Structures are given as structure tokens and as C-alpha cells.
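Working notes for the structure below.
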Amino acid sequence: MGIERKEWFSTDLSRGAYGGWTVTYFMLQLAYWLGAREVYLLGIDHRYVSTMIPGQRNVPIPWPPPRNHFHPQYEKRCDRVGVHINAQTLAYLQAKRAYERDGRIVRNASRSTDLKVFERVSLEEVLGNTGLKRTERGYS
């Protein structure tokens, strides 16, 4: 257990973690380390427009920037969006293998997603299994 360099997924955060090109990958490692048996991903669209030019650094993004975030002012004029979607996908595959090896599961409950690594499940199904009741203001 712990950090396995050949797989790049940490099951023991006291020894470190890997980035996987997305904060979600770190959160999957954290959930694993905390003992989560089931993890449900929400809001993972897994689609981006990259403005990075391979082999070049410090290239400002075009203005206006491509829309990669739900908040219109998330990217600033000097920001660069270096998205490595293939590297993210490979990282998610490593997370899936680590979870499954230990009899755990990760499911994708995002409504609109291009992430195909994890089994898809509807948010309604997940919340229905918790006993939560839908109200006008959400679930309670």
C-alpha cells in the first residue's frame, strides 16, 4: 500500500499524492485514504479547450479566453489554460484500477460528461438510494 510509482495513485496520503492533471484526481486519492467504499463524481464534464502550445511557455491566452469554466471571469487575461485531457483520462484509469483492486467503486453521476472511464449513474438514482426526499429547494 502507499505510493506505487508504476501506477501513480496514492492510497496513503501520509506518503504523498499525485496530481493527475486535475484536482478531482487528488480528491479521489483523499477519498480512498479516508476509507470511502463508494465515490460519486458530480459535475465532471471532462471537455476543455486548451490554449497551450506544445513546447512553448509563457504564451498568453487569446482574448477573450475559451470558455472552460462555469464562471465567465474565471480565466484572466494573463492566464494560460494548459489542459492535458489524455493525461487526465489516464489518471482516472489509474484511480479506477486502485479502487477496484480493493473492492471499492467510483461512479460518475454527472449530468453532462465526456468522461467514460467510470460507470455512469443518474444523480436521482444515487439520491434515491439515500432516502433523501426531493423538495422545491433540492433534497432534504
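Only the coordinates and a few stated rules stand behind these numbers; no lab work does. Quantities reported herein were computed from a predicted structural model and do not represent experimental measurements. So basically every Cβ, Gly included, is an ideal-geometry build from the backbone, and we count neighbours across all protein chains shown.
Applying 1/(1 + (r/R0)^6) with r as the Cβ-Cβ distance of residue 14 and residue 38 and R0 = 22 angstrom yields a FRET efficiency of 0.45.
Here the gap between residue 26 and residue 101, fully extended at 0.36 nm per residue and compared with their Cα-Cα distance, gives a gain of 25.2 nm. Rounded to the nearest Hz, the phi-derived 3J(HN,Hα) couplings of the range 109-121 under the Karplus curve 6.51 cos²θ - 1.76 cosθ + 1.60 (θ = phi - 60°) are 9, 5, 5, 10, 8, 9, 7, 9, 5, 9, 4, 8, 8, where x marks glycine and proline. Between the amide H of residue 10 and those of 18, distances stay under 5 Å, these residues lying 5 or more places away or on another chain, with hydrogens modeled in the peptide plane. For residue 107, the amide hydrogen comes within under 5 Å of the amide hydrogens of 39, 40, 41, counting only partners 5 or more places away or on other chains and with H modelled in the peptide plane. Backbone phi angles across the range 41-46, fed through the Karplus curve with coefficients 6.51, -1.76 and 1.60 (θ = phi - 60°), yield HN-Hα couplings of 8, 10, x, 9, 6, 6 Hz in residue order; Gly and Pro are listed as x.
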